[in-house]
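Heads up, the thing below is written out as structure tokens.
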């Protein structure tokens, strides 16, 4: 059964709000890292998310929200996200927000490849071509061999690898784990791991620097909550194409805060990635609708 129009529209609105906040997170992170030690910023980003999640969930769900039978997988998932964030923070110190966002937006396409290799999922020729097209878009942005190229341009690929593994593990865990419990563990694992570096990374900050870090932390926490709410209203396949709107929000954020406008090659690469990713999501949606229709016909024939 297709989602109700009001539910689908609500889910789309929540998704767009989430990706706008994620773009704000990356923009604020780049700004924060101009004056704040990276590990201190990383700790604060997860600490705000962990506290906000706890304050919201604990009164509603009680201590049972922390129950899990798979602590090892939660730890692995948390480590993957911290690794992804660490690489992302390093990359954002050297790369414009929009270009960084576009390359990392390849995650759903990479997950397609990993699902085919690890879980032996069937992937059509068209989806393989879209994956190749997405990587071609990333190469257009990175432009190895060009004068503007630096080794730092490869860092988003490390973020991409860690984030894709994180998403693949998430898709496996949601079959048995409560998404809210997963969100709670993600925040606290990230906060505790990054806190280990605080004795060497702590610095005295101004009120403006703390305010910037608060924007960063709240953008992450609220953005993740909006995305969870979106997925609770509407199927993932319906929402996926709208995730690529983050590229546009990142372009706006980079322009407003850093006066950076991507050049023609970078804009071309972004359009290629966004088009391939959104088309791949649409193919998944069409396939899921076909599968549901086939199931209904099979039930009617019984």
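The values are calculated or read from the model by the stated rules, or taken from the named source; none is laboratory data. Owing to the predicted nature of the structure, the values given are computational and were not obtained by experimental measurement. So basically every Cβ, Gly included, is an ideal-geometry build from the backbone, and we count neighbours across all protein chains shown.
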When you check residue 149 against the structure, is it on the phi < 0 side of the Ramachandran plot, at pLDDT below 85 and in a loop (DSSP other than H, G, I, E, B), yes or no? yes
List the number of the failed condition for residue 110; all other conditions in (1) in a loop (DSSP other than H, G, I, E, B); (2) touching a helix residue (DSSP H, G or I) at 6+ places or on another chain (Cβ under 7 Å) hold. (1)
Selection from region 60-110 of residues that are within 16 Å of residue 159 (Cα to Cα) and without any contact (Cβ under 8 Å) to a residue 60 or more places away in the chain: 86, 104, 110
Which numbered condition trips up residue 209, out of (1) part of a helix (DSSP H, G or I); (2) at pLDDT 85 or above; (3) in contact with a helix residue (DSSP H, G or I) (Cβ under 6 Å, 6 or more places away or on another chain); (4) buried (at least 16 other Cβ atoms within 10 Å of the Cβ)? (3)
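Return yes or no: is residue 228 at pLDDT below 80 and either over 16 Å from the mean Cα position of the chain (by Cα) or surrounded by fewer than 21 Cβ atoms within 10 Å (Cβ to Cβ) (or both)?
yes
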Any chance residue 144 is closer than 30 Å to residue 30 by Cα and in a loop (DSSP other than H, G, I, E, B): yes
